Amino acid sequence: MRQLLTLTFLLLSAVAGLRAGVVPLRIATFQADATPPIGSALCFGNVKPVKEVVTPLTGRGVILLGAGEPIVLCAFDWLGIANESHDAARDALAKAVGTSRDRVTVHVLHQHDAPGSDFGAERLLAEHGLGGQGSNAEFDRQAFQHVASVAKASLATARPVTHVGLGAGKVEQVASNRRILDPFTRRVAIVRLSATRSPEAQAAPEGTIDPLVHLVAFWSEDKPVAVMTYYATHPQSYYGQGSVNWDFVGIARELREKALPGVAHIHFDGAGGNVAAGKYNDGSKDKRPVLAQRLADGMKLAWDSQKKQPIRAADVGWQVAPVAMPVRDTLEDKQLLAKLSDTTQKQLDRLRAARDLSFLRRTRGGHQIPVSCLRLGTARVLHLPGELFVEYQIAAQQMRPDDFVAMAAYGDLGPGYIGTELAYGQGGYETGIVSRVAPEVEKVLVGAMQHLLGNKPGMIQPKSSR
């Protein structure tokens, strides 16, 4: 009886709102299987291909209805979706739910026992006898369409949203900065990746991280409908043997789903490009559930701390700032093509050259990557590309210190690692070797964030890189 009365109240409220010219806010949630078949490449070919499935992978998200064209926020349990593949995933979702590509954001959680997709790179590899070694393009296209079809079907069960809950909780002993600097030269002295048994690396301080998991919950009166969480770290505990799984971030998400049955949970990786679990993870198998529980505990703290506020469709906004990414001067078309064509080169180097070349040609051809911002009343959620350094997330929060600001990175993975300007002079794996963008990227992205957050011009302060 209570449920019937609640439904009647919601229907009457919606009708009254329409008569008053107020458009109701609604939400649809979707979740679809995105697990690659046996034999498919994983991690852009950097690890062994699929031999077994430990946990299935998903593409999941929310669709916000009523604030203009639908807004789609989607996260895949994949390593990366880059360049043309990123456009294809967004196009499939946009077409399915009746919106434009600019109102769709697609991110990955960056697990390494998971696929990477870059249609441009795959074409180049196929042309040079390496087809299927970096990705399974046919499966990728099918997965994008499958997730899109499930998203479309979810529209029929969209539910009204009356309140939004905003919270944050501290995560203990998970994240640590990957770049340990020499105190005198201020250059990277130790690279502390996702797992290490080095006593020196384990003993070093956590460094610059964002210790908080941020949470956005959508409520229909007193019933939670969906939860989105954001936490900045690489998600690997151990990987590389062809055992597909969603790693400790997926386990933490699953634990929270069990604690809140019937409530969709979508997790996003924040700006964790230079953050990983290395200080607290030696790579042993028993560490995976430990890290998962610690993250789940932080998610629960965020849930328990949330403050609810009424929200209407008029309180929801969406802005996009397309940016031209500055290409690193170490990327040169002829040299990359020569490496890709050279059969005496290591296969991993040729695979990398194809991905570098895909990004280079696409960017030099004038492509811009969207940076977007979702407004939920006073709260803001930013969506950015690449393996973004955590300093960008901290800077965004400092731009609106009195408001809730969350960030999802790992959108278009074409740029690879995105450091701060200062970091490019400090060496290290991320900015010293593999980043595809130039130090000027900080000006570009900080400018876009300032525009979207309505903040005064400024740069990331050097102290945040220490």
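Quick note: the coordinates plus some simple rules give every number you see, no bench work behind them. Just so it is clear, the structure is predicted and the values come from calculations on it, not from any experiment. In this analysis, Cβ positions are derived from the backbone assuming ideal geometry, glycine residues included, and neighbour counts consider all displayed protein chains.
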Checklist outcome for this item: Output ordering of 63-72, 244-253, 327-336 (per-residue mean of other Cβ within 10 Å, highest first) is 244-253, 63-72, 327-336
Checklist entry - When Lys and Arg each count +1 and Asp and Glu each count -1, what net charge do the other residues less than 13 Å away from ARG197, Cβ to Cβ, add up to? => result +1
Checklist entry - How many percent of DSSP beta bridges within the chain run antiparallel, rounded to 5? => result 70 percent
Next on the checklist: P(r) for the range 338-466, please, calculated from all Cα pair distances in 5 Å bins and given in %.
Outcome noted: 2, 10, 18, 21, 17, 13, 8, 5, 3, 2, 1, 0
Item to check | Net charge of neighbours whose Cβ lies under 13 Å from the Cβ of SER243, counting Lys and Arg as +1 and Asp and Glu as -1 | outcome: +1
Checklist entry - Any idea how far the Cα center of the range 174-232 sits from the one of the range 263-283, in Å? => result 7 Å
Checklist entry - How far is helix 247-259 tilted off the main Cα axis of the chain, in degrees rounded to 10, range 0 to 90? => result 10 degrees
Checklist entry - In the structure displayed, which of LYS48/LYS258; LYS95/LYS300; LYS170/LYS287; LYS285/LYS307 lie more than 28 Å apart, Cα to Cα? => result LYS48/LYS258; LYS95/LYS300; LYS285/LYS307
Checklist entry - Around LEU351, what is the net charge, scoring Lys/Arg as +1 and Asp/Glu as -1 over all other residues with Cβ under 15 Å from its Cβ? => result +2
Checklist outcome for this item: Rg/Rh of the chain (Cα atoms, Kirkwood Rh), to two decimals, equals 0.96
